[in-house]
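First up is the structure itself, then whatever we jot down about it.
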Amino acid sequence: MSMNDVKKLSIEELEAQVRQHNRLYFVENRPEISDYDFDRLVEELRERKPHSKVLSELTSDVPASAKKVNHDIPMLSLDKCYDEKVLQDWAAKFEGDVVASPKIDGCAVSLRYDQNGDLFLAATRGDGAEGEEITANVSYVMSIPKKIKKGGLEVRGEVYMPLSIFKSYKGKFANPRNLTAGAIKLKDPKGTGDYRLSFFAYDLFGSTEATEVEKYKLLKSLGFEVVKWRELKRNEMQDAFNDFLKMRDDFDYELDGVVFRTNLLAEQDRLGSTAHHPRYAIAYKFQGDSGETILLDVEWSVSRTGAITPVAIVEPVELSGAIVRRASLHNVGIVKKLGLSKGAKVLMMRRGGVIPNLESVIEQGSEAIKIPKRCPSCDSDIRVEDDFLYCTNSKSCVKSKVGELAHFVKAVGIDGFGEKLLAKLYEEGLVTDLSELYDLTRDDLIGLERMGDTLADKLLSNVDASKQVSLPTFLQSLGIRELGKHASKILSSFGSLTKVMSLSEDELSEINTIGPVIAREVVAGLKDKNSLIDKLLKHVAVVEERNVSTSWHYAGKSFLFTGKLLSMGRGDAQKSTESLGGTTAQSVTKGLDYLVVGDGGGAGSKLEKVKKLQSGGSKVQIIAEKDFLEMIKES
Ligand code: IVH
């Protein structure tokens, strides 16, 4: 970037660039420009708009490029296993007990204390041989002692973000580990303090202890928060693993397995390490937390704030005992970064065993995911802000979608789903169309604020109870304009949903009390909702009208009245027909079944037309008033 390029930028462009690169560096931990170029952007903005809000948002004015730190003892990773057999094979190679501790999903750091016990250097793991200096940052991690009463030690452990703190960042960040990785390296170390990170110690060098247990105890006595640990016989490892798995939800941090280590340091020395991992330690990972599946599509959910969030829809995959069908992708930046495509083979994980997350693409699919140019919900303009998309019409946009859901649950009688809950489900991307109400799982619901097991189960059983719907209710529930209670009832008299779906505008407008306007809306509405109806039918059984309310032999048949009826008024005749499940037409059409000729005379042109149809081969029948009376008596 030349100086000239920077000068050519408008104030708005400058602000946008500073904001974007600040975010890439501080939050996402993946800078795209050098610190030097970033400084120039900031300086230019400071000169041209000293009071720009963007400047006050920056976490640091003058970024210092991170200093590299060599790890005298390499920071290795851990060998992994997924079953007891491999674990036992591992344990057969040494003597003595093992220690077990939860494998914390945070960022490994090394802390060095000088001869006086003062913390003088802190570093990230980096590539294991060389990390980045973060001494100033860790001074804002409260649980890291800055002075200890023993000198010349190196302490290692995991910096992590407690889940209770991560809660307020949920939705914006994929997981606490990424956020921790960004926060611990902030250029302005004070900023690190805002993230309220914590630290668990699990390793110690520079002292003379003979076992891991002694090391843990010393660390504790020096003022460190030590990772939870247990000393075990080697045949107790599986039980310990099961216990940690059971307790997993009780911890305020993410754990993705259990770390086992040989307790005796002499045995550790004997076993040694490979280039990647020590042979004296192993991580037994929680099973089924991750799995491969296929990305079917990306849906875009809109929140009341207008944020448009991509949601991955995947082929159902079982992870940690629950079926996962979807996962928030958080923002459009992630969709772009992963270069997602339909049909891609992807790796899904339930982070901390709970929140499903699309981790990576294993193999790309065929059709690139399209980034919406307009709001997918209300078609308004979209505003782009860094990695985020916003609907510019957020208020009415979400309201109408939630209104649609509310109409449906009311119509089919699913209790417990108020507008607030529906809005939440919609915003989280859990229910973006009516059919997805039936995909809800216990885990989906429990993930929501203020939702306990009992309420979640009750809601699911309410949804379950609504899986049989009468045809008129089903039609009305779709929220098609003009297809209210009355019109739905009339349409239902055609007997089946298939028949109703196949009705033409002309056929419908012939029905008394429907008319051309309603007919147009209804036919267009049904066409529009075709794929939604298909989706709903995968869950809902539509009980067709004939089976529910009437067994009238002529249900679904259409009747047209002509001439003066003597036994009753025409209106009453029409009402009786409709109440029995027949339909009434306004004029002669090809679909007509019966022309009822009143005994009072004056049949006129309708009769002529029907006769013509009959001579052309139509099956329409002409019946007298008394025949009609017989027919309705049969009900
Ligand atoms: S013991 C090789 N105990 O997980 C050093 N490590 O993925 C083993 N980790 O690099 C140290 N929780 O930073 C140990 N309870 C725990 C741990 C733990 C997380 C980290 C460690 C290691 C990484 C491997």
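The values are calculated or read from the model by the stated rules, or taken from the named source; none is laboratory data. Nothing here was measured: the structure is a model prediction, and the numbers come from that model. Glycine gets a Cβ as well: all are built from the backbone with ideal geometry, and neighbour counts include every protein chain shown. These accessible areas exclude ligands, DNA and RNA; they are computed on the full protein's heavy atoms, side chains included. Shrake-Rupley method; radii C 1.70, N 1.55, O 1.52, S 1.80 Å.
In segment 618-634, is there at least one residue being open to solvent by 40 Å² or more (accessible area, probe 1.4 Å), at pLDDT 90 or above and assigned to a strand (DSSP E or B)? For segment 618-634, residues open to solvent by 40 Å² or more (accessible area, probe 1.4 Å), at pLDDT 90 or above and assigned to a strand (DSSP E or B): present. Any residue that is of a type in the set (A, V, I, L, M) and either assigned to a loop (DSSP other than H, G, I, E, B) or at pLDDT below 95 (or both) - is there at least one of those in segment 95-103? No, that holds for no residue. Test LEU264 against the stated conditions and say whether it is open to solvent by 30 Å² or more (accessible area, probe 1.4 Å), aliphatic (A, V, I, L, M) and within 16 Å of the ligand (Cβ to nearest atom). Judged against the criteria, LEU264 is a match. Among residues of segment 122-158 being farther than 21 Å from VAL226 by Cβ and assigned to a strand (DSSP E or B), the one that is farthest from the ligand (Cβ to nearest atom) is GLU133. Picking from residues in segment 379-392 that are outside any strand (DSSP E or B) and in contact (Cβ under 8 Å) with a residue 60 or more places away in the chain, the one that is least open to solvent (accessible area, probe 1.4 Å) is ASP387. Would you pick out the residues in segment 189-246 that are within 16 Å of the ligand (Cβ to nearest atom), in contact (Cβ under 8 Å) with a residue 12 or more places away in the chain and open to solvent by 70 Å² or more (accessible area, probe 1.4 Å)? Residues satisfying the conditions are GLU225, LYS228, TRP229, ARG230, GLU231, LEU245. Entry remark, segment 407-440: residues being of a type in the set (A, V, I, L, M), open to solvent by 20 Å² or more (accessible area, probe 1.4 Å) and farther than 24 Å from ALA322 by Cα number 2 in total.
Checking each residue in segment 267-314 for being within 30 Å of GLU419 (Cβ to Cβ) and within 16 Å of the ligand (Cβ to nearest atom) picks out no residue at all.
I'd like to know if segment 405-414 contains one or more residues that are in contact (Cβ under 8 Å) with a residue 24 or more places away in the chain and in a loop (DSSP other than H, G, I, E, B). Yes, there is a match, as at least one residue in segment 405-414 is in contact (Cβ under 8 Å) with a residue 24 or more places away in the chain and in a loop (DSSP other than H, G, I, E, B). Where strands (runs of 3 or more DSSP E) fall wholly inside segment 515-604, the ranges with 3 or more residues that are open to solvent by less than 40 Å² (accessible area, probe 1.4 Å) are 558-562, 594-597. A Cβ distance below 7 Å, combined with a sequence gap of six or more or placement on separate chains, defines the contacts here; from segment 77-93, residues that are within 23 Å of SER290 (Cβ to Cβ) and open to solvent by 60 Å² or more (accessible area, probe 1.4 Å) reach residues that are away from the ligand (no atom under 16 Å from the Cβ) and not in a loop (DSSP other than H, G, I, E, B) in the pairs GLU84/GLN238.
Look at (1) at pLDDT 90 or above; (2) surrounded by fewer than 20 Cβ atoms within 10 Å (Cβ to Cβ) and you find that PRO310 fails only one, number (2). The C-beta contact set for segment 32-44 (first residue under 16 Å from LYS7 (Cβ atoms) and among the charged types (D, E, K, R), second residue open to solvent by 40 Å² or more (accessible area, probe 1.4 Å) and modelled with pLDDT of 75 or more, distance under 9 angstrom, 6+ apart or interchain) comprises GLU44/LYS7. Does ILE308 satisfy the condition of being over 16 Å from ARG350 (Cβ atoms), without any contact (Cβ under 8 Å) to a residue 60 or more places away in the chain and either in contact with a Cys (Cβ under 7 Å, 6 or more places away or on another chain) or in a strand (DSSP E or B) (or both)? Judged against the criteria, ILE308 is not a match.
For VAL335, the conditions (1) of a type outside the set (Gly, Ala, Ser); (2) open to solvent by less than 30 Å² (accessible area, probe 1.4 Å); (3) farther than 28 Å from VAL18 by Cα are fulfilled apart from (3).
Of the residues examined, LEU358 is not one that is within 30 Å of SER466 (Cβ to Cβ) and at pLDDT 90 or above.
Return yes or no: is GLY106 within 15 Å of the ligand (Cβ to nearest atom) and either closer than 27 Å to LEU186 by Cα or crowded, with 22+ Cβ neighbours inside 10 Å (or both)? It is true that GLY106 is within 15 Å of the ligand (Cβ to nearest atom) and either closer than 27 Å to LEU186 by Cα or crowded, with 22+ Cβ neighbours inside 10 Å (or both). Close Cβ contacts (under 6 Å, 6 or more residues apart or on different chains) running from residues in segment 454-475 that are without any contact (Cβ under 8 Å) to a residue 40 or more places away in the chain to residues that are surrounded by fewer than 19 Cβ atoms within 10 Å (Cβ to Cβ) and of a type in the set (A, V, I, L, M) comprise ALA456/ILE446.
On the stretch given as segment 267-293, residues that are part of a strand (DSSP E or B), open to solvent by less than 50 Å² (accessible area, probe 1.4 Å) and either touching a residue at least 60 places away in the same chain (Cβ under 8 Å) or polar (S, T, N, Q) (or both) total 7. From the list THR513, THR498, the lone residue that is over 27 Å from the mean Cα position of the chain (by Cα), without any contact (Cβ under 8 Å) to a residue 12 or more places away in the chain and under 27 Å from VAL588 (Cβ atoms) is THR498.
Per-residue answers, yes or no, for (1) within 50 Å of the chain's Cα centre (by Cα); (2) on the phi > 0 side of the Ramachandran plot; (3) of a type outside the set (Gly, Ala, Ser):
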position: TRP552; (1), (2), (3): yes, no, yes
position: GLY563; (1), (2), (3): no, yes, no
position: SER587; (1), (2), (3): no, no, no
position: SER605; (1), (2), (3): no, no, no
position: LEU613; (1), (2), (3): no, no, yes
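All conditions but one from (1) closer than 30 Å to LYS146 by Cβ; (2) buried (at least 21 other Cβ atoms within 10 Å of the Cβ) apply to GLY257; the one that does not is (1).
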